[in-house]
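Undergrad: Sending over a structure as structure tokens; questions will come in a sec.
We did not get these values from a lab; they are worked out from the coordinates using the rules stated. Just so it is clear, the structure is predicted and the values come from calculations on it, not from any experiment. Don't worry about glycine lacking a Cβ; one is built from the backbone with ideal geometry, like all the others, and counts go over all protein chains shown.
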Amino acid sequence: MCGIIGITSNENVSADIIGALRKLEYRGYDSAGIAIHESNKIFQRKVKGKLDNLVKSLELEKSEGKTGIGHTRWATHGKPSERNAHPHSSPYVSLVHNGIIENVSDLKNLAELEEYSFESETDSEVITALLSHYRKEGYAHIDCVKETISKLVGSYALAIIFSDQKESIFGAKNGSPLVAGINNSGTSLGSDSIALSSVAEKVCYLEDGDIVVCNKNILEIFNIAGEKVEREFVDIGFDETDISKGNFQHFMEKEIHEHPQAVGETFKQFIDHDKGLITVSDFELDFTSFSRIHLIACGTAYYSCLVAKYYFEEYARIPVDCDMASEYRYRNPVLDKNALCIFVSQSGETADTKAALDYSKSLGIKTLSIVNVKNSSIARESDLCMYTKAGAEIGVASTKAFTAQLSVLLSMAIHLGTINKTLSENQNKEICHEIMKAPTLLEEAIKRSYSLKETAQSIINAKGVMYLGRGTSFPLALEGALKFKEISYIHAEGYPAGEMKHGPLALIEKDLPVVCIVPPGELFHKTVSNIQEVIARGGKILMITDDDTLQSGSENIWQVFRLPKSPKSIETIIYSVPIHMLAYYTAVELGNDVDQPRNLAKSVTVE
Ligand code: AGP
């Protein structure tokens, strides 16, 4: 997704803008640009490709300005190119935009814009054209912004500088996230608080319809009616170590190693140590009032929902529906008025999930979100919010957030089961004891997963990889396939092991790698027979199981990867580690951009 920055300060802003843009790189982008107010003109540089290209171009001609804007672009309208990179400028104004303007063709046909010569293929440039028109007509700066955004249909987070106003940055927000920051040397705007972590001490999360005016010493916020509004400023909540790779080569590698801490910190919220019980009662949620639960999310977060369906139905005997957010509100779902809709999102900014949340709220359904980023849009808009405590997740491929999501959802299912008396208090205590073992088991799983580096080296030329599992290992197979394809760019497919014979078995040919997730338990032998069906057709099996299973009969299995024996309640969390590590090692072996894989963004803030 695009990232926007605006900084006005007592000092030169060029380096701070670049530094803030670097903190937005994790979102994924394909071009970048900067515009800085220089006495009576705007200095601008735009490049295709990465920020390093922009830095090189700035070395050729430094800017001394103290007010500026910056952008990392993830192409939506118009291919990645210097021409389509932001900022988009005219002699009157310079602008950076995150979002999608849906009525761009109508706007370009407006009489007001008939003389404007568009240079780019982007939707964003139409905003520049409108701002220029109003400024040329003599509107005050803030009225230019108001008039312009009143014409826009779609999502936007904007940072704007006017050529004849060298000390201010104007911002506006609708649908895309925008954060305003302050510190003792100035004020700033950014797409998220991570980006502002070096230039702001306190931040506020702007609401849809807000217009903000940033000056060196003061930051004013107005609503769409033009009334001044107050927004709560909070401590920025990140420190530099949160968002550095430490001793790791990639953020993804660091974040896989943080599974133990992410899961431990997340479970800690729900463990009542005095009673030895799992309890979620601090969240003002009367679970007994719900007849059905709908779990709604995208991507990896959706797979955590698919796992949670097993948790809720097994432990709490409550019916659960799972929906991909991008499908949910278009299928006219039958929603019971006593249902609870739970929205799961690492970033808390995914446009599809946010839109699904808004849809459910419009129907009067109770909404709860499970997010990893404090004060994110989904967190703020839902009736109730619970947090995964995974810490900042920077790698585009979600890892520790996934196991942290499973930790929240499992805790809720155990708590709900105890209330519904489908679980006894003793069973709750037993599972609580099991949950406390998760961090240690995860540490051991990480250590053992180092051996998968060799496995990865032997599958980098595969034309595809299958992931199979039954029960909660089936959604984990989907997660494994997603992880694999999104960073190795090799096609991978997750499938229920029992379904292979109904078609996909035709895909099996000699040496096709098939990853089978086979924890011990009632489904073990059935899954092993599915494995034999694959082997009989030449498939190469990587079997992920534990120390105790299959002490014999594994000779025709290509590789058996063994995890420490894990309690059933947390085994999907533990089995996530080799799944994530295999994808990571494969991408590294292929020399791919592991943390910012091509075409992808960390937070998909467009539908
Ligand atoms: C997962 O590795 C992907 N990056 C992607 O599927 C992601 O899970 C999805 O976009 C949802 O993001 P969210 O959790 O921030 O809503």
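Undergrad: Would you mind listing how long the range 234-379 runs along its three principal axes, going by Cα atoms, in whole Å with the largest first?
TA: 50, 40, 32
Undergrad: For the range 163-179, in order, what is each residue's ³J(HN,Hα) by Karplus, 6.51 cos²θ - 1.76 cosθ + 1.60 with θ = phi - 60°, in whole Hz (x at glycine and Pro)?
TA: Karplus values, whole Hz, x for Gly and Pro: 4, 9, 9, 8, 10, 10, 10, 10, x, 8, 9, 7, x, 9, x, 8, 10.
Undergrad: Between L58, G464, F312, whose Cα lies farthest towards the positive end of the dipole of the chain when Lys and Arg beta carbons carry +1 and Asp and Glu beta carbons carry -1, centred on the Cα centre?
TA: Value: G464.
Undergrad: Can you give the charge dipole size of the range 246-348 about its Cα centre, rounded to the nearest 20 debye, using +1 on the beta carbon of Lys and Arg and -1 on the beta carbon of Asp and Glu?
TA: On the way: 9 positive and 15 negative charges, 63 e Å.
Roughly 300 debye for the range 246-348.
Undergrad: Further, regarding this structure: Can you check what the Kirkwood hydrodynamic radius comes to for the range 91-245, Cα pairs only, in Å to one decimal? Don't jump to the answer; show the numbers that get you there.
TA: Working: mean 1/r = 0.0620 Å⁻¹.
By the Kirkwood definition, the hydrodynamic radius is 16.1 Å.
Undergrad: When the Kirkwood hydrodynamic radius is evaluated over all pairs of different C-alpha atoms of the chain, what value in angstrom, to one decimal, is obtained?
TA: Working: mean 1/r = 0.0393 Å⁻¹.
That comes to 25.4 Å for the chain.
Undergrad: Let me ask something else. Would you calculate, for the chain, the mean residue ellipticity at 222 nm contributed by helices, counting each DSSP H stretch of 4 or more residues as -39,500 (n - 2.57) and dividing by all residues, to the nearest 500?
TA: Calculated from helices alone, the mean residue ellipticity at 222 nm is -9500 deg cm²/dmol.
Undergrad: Using packing as a proxy for protection, rank 25-31, 525-531, 202-208, 66-72 so that the peptide with the highest average count of other Cβ atoms within 10 Å comes first.
TA: The most tightly packed comes first, giving 66-72, 25-31, 202-208, 525-531.
Undergrad: How large is the dipole of the chain about the Cα centre if only Lys and Arg carry +1 and Asp and Glu carry -1, each at its Cβ, rounded to the nearest 20 debye? Walk me through the numbers before you get to the answer.
TA: Values: 62 positive and 81 negative charges, 194 e Å.
Value, rounded to 20: 940 debye.
Undergrad: I've got another one for you. Would you mind classifying the range 285-332 by shape? Square roots of the alpha carbon gyration tensor eigenvalues, ordered a ≥ b ≥ c; an a/c under 1.5 is rounded, otherwise it is prolate if a/b is larger than b/c and oblate if not.
TA: Cα axes put the range 285-332 in the oblate bin.
Undergrad: Report the one residue of V515, Y359, S281 whose Cα lies farthest in the direction of the positive end of the charge dipole of the chain (charges on C-beta: Lys and Arg +1, Asp and Glu -1; origin at the Cα centre).
TA: V515
Undergrad: Which is farthest toward the positive dipole end of the chain among H141, F343, I573, measuring Cα position about the Cα centre, with Cβ charges +1 (Lys, Arg) and -1 (Asp, Glu)?
TA: Going by the charge dipole, the pick is I573.
Undergrad: Which helices of the chain meet both criteria: a Cα extent of 24 Å or more along the helical axis and a mean Kyte-Doolittle score no lower than -1.0, with helices taken as whole DSSP H segments?
TA: Details: long enough: 400-419 (29 Å, 1.23); 571-590 (30 Å, 0.86).
Span-like helices here: 400-419, 571-590.
Undergrad: With bins 5 Å wide starting at 0, give me the P(r) of the range 140-215 over every alpha carbon pair, in whole percents.
TA: Calculated over all Cα pairs of the range 140-215, the distribution is 3, 16, 27, 25, 18, 9, 2, 0 percent.
Undergrad: So, one more: Sort S90, S193 so that the residue with the fewest other Cβ atoms within 10 Å of its own Cβ comes first and the one with the most comes last.
TA: Placing the least packed residue first, the sequence is S90, S193.
Undergrad: Taking 0.36 nm per intervening residue step and subtracting the Cα-Cα distance, what contour gain separates N599 from S291 on full extension?
TA: 106.8 nm
Undergrad: Compute from the Cα atoms of the range 1-137 the Rg and the Dmax, the latter being the longest Cα-Cα distance, and quote both in angstrom.
TA: 14.6, 41
Undergrad: Return the sequence-ordered ³J(HN,Hα) values of the range 375-386 in whole Hz as given by the Karplus equation 6.51 cos²θ - 1.76 cosθ + 1.60 applied to θ = phi - 60°, using x for Gly and Pro.
TA: Whole-Hz 3J(HN,Hα) from phi for the range 375-386: 6, 5, 4, 5, 4, 6, 8, 7, 4, 9, 9, 10.
Undergrad: If the only charges are +1 at each Lys and Arg Cβ and -1 at each Asp and Glu Cβ, what is the size of the charge dipole of the range 433-498 around the Cα centre, to the nearest 20 debye?
TA: Charge dipole, the range 433-498, about its Cα centre: 120 debye, nearest 20.
Undergrad: Please state, to two decimals, what the Cα-based radius of gyration of the range 447-526 comes to when divided by 2.2 N^0.38 Å (N = residues). Present the calculation step by step, with values, prior to reporting the outcome.
TA: Working: Rg = 12.8 Å, N = 80, 2.2 N^0.38 = 11.6 Å.
For the range 447-526, the normalised Cα radius of gyration is 1.10.
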